[in-house]
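Structure first, then comments.
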Amino acid sequence: MSKMEKISKGIKYLVLSIAAFVSIFPFIWMILGMTNQTIDITAGKIMIGDQLMINFQNLFTSDLNFGRALINSAVIAVITTIFALFLSSMAGYGFEIFRSKRNDRIFSILLLSMMVPFSAMMIPLYTMFSKLSNTPFGINSLFSVIIPSVSTAFLIFLFKQNIKAFPRSLVEAARIDGLGELAIFFKIYMPTAKNIYAAAAIITFMNSWNNYLWPLVALQSPDKRTVPLILSAMGASYTPDYGMIMTGIVIATLPIALIFFILQKQFVQGMLGSVK
């Protein structure tokens, strides 16, 4: 290796190291902040403090009921993810396996719906769920947050692209052996599509866990609020406790980070399989 190549390689590593530090520094500062009190955080202290247990106690004993918000967010995210994977994969499978001009037109319209901002759909959604107020699916219920997210155009597109690489010969052979379409989907396709299911699960869980705008409109009772709503309320107070806020943010980040680290290999393989 020549001297110029070594210099070039060193510069690349230096730039990557700086980029990595800039990317991870906010999270490091957040972890350090959860061990300090407000006055230290606002003063810019970047050292481990001794206020960790106090911040934990303040967080879970405050009137905001952070523990209940964690449960609400977990219930919404888990149920949304399960139903979204099931419905979106079936829709993507149907659009690709049973292709026709009519289905292609419907799929094109579905893709166009991705261009409509969610804020434009909030009023119709609120009106629709308001009419269901006397049911478990009305406004101020967890289902009012779950139902609009159980299937998205992006997930259907993701599964449809992945199914393009699925051998049609397996489908034809299964039909010849007498398997029905549902049996082919559950017994043949699903076991071979673990990677794309993992990728879709991470995306769906993350979006549902971090969802703020629609829960802010739909969930009106304090005991129904989710983690993003609680964290927003903490920051909007007249004298915010930054130590408690940092503690809440770290706790809110852990489920997403844990799921990503567990499924990161399948996530990469699933996304690459969809691109191919």
(request) Hey, can you tell me all the residues within the range 80-120 that are open to solvent by 80 Å² or more (accessible area, probe 1.4 Å) and assigned to a loop (DSSP other than H, G, I, E, B)? (result) Phe98, Arg99
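Can you tell me which residues in the range 162-173 are outside any helix (DSSP H, G or I) and in contact (Cβ under 8 Å) with a residue 24 or more places away in the chain?
Quick first cut of the range 162-173, residues outside any helix (DSSP H, G or I) only: 164-167.
The answer is Lys164, Ala165, Phe166.
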(request) Pairs only if they're at least six apart or on different chains, beta carbon under 6 angstrom, first in the range 242-261 and more than 21 Å from Thr42 (Cβ to Cβ) and of a type in the set (Gly, Ala, Ser), second at pLDDT 90 or above and open to solvent by less than 20 Å² (accessible area, probe 1.4 Å); list them, first residue then second. (result) Ala252/Val227
(message) Quick check on the range 129-161: of everything there that is open to solvent by 30 Å² or more (accessible area, probe 1.4 Å) and aromatic (Phe, Trp, Tyr), which residue is farthest from Ser88 (Cα to Cα)?
(response) Phe137
(request) Quick one: which helices (runs of 4 or more DSSP H) lie wholly within the range 182-276 and hold at least 2 residues that are modelled with pLDDT under 90 and more than 13 Å from the chain's Cα centre (by Cα)? (result) 194-210, 227-235, 242-275
(message) Against the definition (assigned to a helix (DSSP H, G or I), without any contact (Cβ under 8 Å) to a residue 24 or more places away in the chain, open to solvent by less than 80 Å² (accessible area, probe 1.4 Å) and under 29 Å from Ser237 (Cα atoms)), how does Phe56 come out, yes or no?
(response) no
(request) Take Ile176 and decide whether it is over 30 Å from Gly44 (Cα atoms), without any contact (Cβ under 8 Å) to a residue 24 or more places away in the chain and touching a helix residue (DSSP H, G or I) at 6+ places or on another chain (Cβ under 9 Å). (result) no
(message) Against the condition within 24 Å of Leu229 (Cβ to Cβ) and touching an Asp or Glu at 6+ places or on another chain (Cβ under 9 Å), how does Asn36 come out, does it pass?
(response) no
(request) Give me a count of the residues in the range 34-53 that are assigned to a helix (DSSP H, G or I) and open to solvent by 80 Å² or more (accessible area, probe 1.4 Å). (result) 3
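May I ask you to list the residues in the range 121-134 that are part of a loop (DSSP other than H, G, I, E, B) and within 24 Å of the chain's Cα centre (by Cα)?
Answer for the range 121-134, where residues must be part of a loop (DSSP other than H, G, I, E, B) and within 24 Å of the chain's Cα centre (by Cα): just Met121.
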(message) Can you find a residue that is of a type in the set (S, T, N, Q), over 17 Å from the mean Cα position of the chain (by Cα), within 26 Å of Val116 (Cβ to Cβ) and open to solvent by 20 Å² or more (accessible area, probe 1.4 Å) anywhere in the range 162-174?
(response) yes
(message) Please go through the range 175-196 and give me each residue that is surrounded by fewer than 19 Cβ atoms within 10 Å (Cβ to Cβ) and not hydrophobic (A, V, I, L, M, F, W, C), ordered by number.
(response) Arg175, Asp177, Gly178, Gly180, Glu181, Lys187, Pro191, Thr192, Lys194
(message) Scan the range 21-33 and tell me whether some residue there is open to solvent by 50 Å² or more (accessible area, probe 1.4 Å), touching a residue at least 60 places away in the same chain (Cβ under 8 Å) and touching a helix residue (DSSP H, G or I) at 6+ places or on another chain (Cβ under 8 Å).
(response) yes
(message) Condition first: out of contact with any Pro (no Cβ under 6 Å at 6 or more places or on another chain), polar (S, T, N, Q) and buried (at least 18 other Cβ atoms within 10 Å of the Cβ). Now tell me which residues in the range 208-247 satisfy that.
(response) Ser208, Asn211, Thr247
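The values are calculated or read from the model by the stated rules, or taken from the named source; none is laboratory data. Because the structure is predicted, anything quoted here is derived from the model rather than measured. Positions of Cβ are backbone-derived with ideal geometry, glycine not excepted, and every protein chain shown enters the neighbour counts. Accessible surface areas use protein heavy atoms only, side chains included; no ligands, DNA or RNA. Shrake-Rupley method; radii C 1.70, N 1.55, O 1.52, S 1.80 Å.
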